[in-house]
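Input: a single structure, listed below in structure tokens.
The values are calculated or read from the model by the stated rules, or taken from the named source; none is laboratory data. Computed from a prediction, not measured in an experiment: that's the story for all the values here. Backbone-built Cβ (ideal geometry, glycine too); neighbour counts: all protein chains shown.
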């Protein structure tokens, strides 16, 4: 299989940096080793590669077969594995659909050697944003692979942070809807449940990033360039912020669900008070007319005065009950 056929089947992006300058890009995979021999730092990006694609790269970079196997299998947990001569990392890009509140994730895998970074991802990953990150921080390119790795991790963590902020806004909107004069109980419950699922999923892919970034700070391939240390520490701060915000939002969603149930209970109590109050008022004329309907002599029996007395009692006692219930806010 020729290189041209491989590139036609699998979208790739290649770059080579030397002394902090971009010296080549869009070159075939077969030339990766040539650029490495010229002391270049190389970035290779794959979109849904096949086994043949990675087999070619395995020969070029001397990658471990187990790491290559993991790169082809989906559903890996976020991690960083150390092999002789290279690292293999798994991260997750995220995106939130604000309309439905559903969070989607996409695996991003990376091989790191001393002078090469290989990224592997699905089409939904915004590789153009990653390339823009490299272009906007070209002054750091002289630091080689640590610079490329920082750009990748920073882009992924930024997506986590953006999703967390979006979830925060959505949850605040739900909190406002709780006290809407026209209650939307079902909508609040459905939305809260969807956002809670998204928060659980976000926590599942973002929480391991703390250990991953901490590992990179302790060792990249053996060392993180001292100049890049502050940049990785900044990423670590963002990771911790996402984790802490995620925990607080999960607590807030739980509070919203509990509050919603409490409000429903209060509304039910109000309804029951009103129904009971009206039932008590209606019981008054029923009792009086029942009494006056007895077929026995009593004061006013078969006389107009008895009818008037019953009407006065109905209106008077009913009005008195209505006033008392109204005074206690039961009506």
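Observations on the structure shown:
- Selection status of residue 126, in the same structural domain as residue 201 (by TED's automatic domain parsing) and more than 20 Å from residue 237 (Cβ to Cβ): yes
- Checked against (1) surrounded by 13 or more Cβ atoms within 10 Å (Cβ to Cβ); (2) more than 25 Å from the chain's Cα centre (by Cα), residue 227 passes all but condition (1).
- Candidates 71, 4, 51 - the one that is at pLDDT below 90, touching a helix residue (DSSP H, G or I) at 6+ places or on another chain (Cβ under 9 Å) and surrounded by fewer than 16 Cβ atoms within 10 Å (Cβ to Cβ): 51
- Hey, residue 243 closer than 30 Å to residue 168 by Cβ, assigned to a helix (DSSP H, G or I) and modelled with pLDDT under 80 or not: no
- In summary, strands (runs of 3 or more DSSP E) completely within the range 76-143 and bearing 2 or more residues that are in contact with a helix residue (DSSP H, G or I) (Cβ under 9 Å, 6 or more places away or on another chain), without any contact (Cβ under 8 Å) to a residue 24 or more places away in the chain and farther than 27 Å from residue 168 by Cα occur at 79-83.
- Residue satisfying condition, being surrounded by 13 or more Cβ atoms within 10 Å (Cβ to Cβ) and modelled with pLDDT under 90, within set 154, 177, 169: 177
- Some residue of the range 56-68 being surrounded by 13 or more Cβ atoms within 10 Å (Cβ to Cβ) and under 29 Å from the mean Cα position of the chain (by Cα): yes
- Test: residue in the range 31-42 that is under 30 Å from residue 194 (Cα atoms), in the same structural domain as residue 143 (by TED's automatic domain parsing) and surrounded by 15 or more Cβ atoms within 10 Å (Cβ to Cβ): no
- Among all positions in the range 31-39, there is no residue which is at pLDDT 90 or above and touching a helix residue (DSSP H, G or I) at 6+ places or on another chain (Cβ under 6 Å).
- No other residue among 191, 218, 203 is modelled with pLDDT of 75 or more, in the same structural domain as residue 20 (by TED's automatic domain parsing) and more than 12 Å from the chain's Cα centre (by Cα) apart from 191.
- Test: residue in the range 215-225 that is assigned to a helix (DSSP H, G or I), under 29 Å from residue 113 (Cα atoms), touching a residue at least 60 places away in the same chain (Cβ under 8 Å) and in contact with a helix residue (DSSP H, G or I) (Cβ under 8 Å, 6 or more places away or on another chain): yes
- Residue check, residue 186 in a helix (DSSP H, G or I), under 23 Å from the mean Cα position of the chain (by Cα) and either more than 18 Å from residue 40 (Cβ to Cβ) or at pLDDT below 90 (or both): yes
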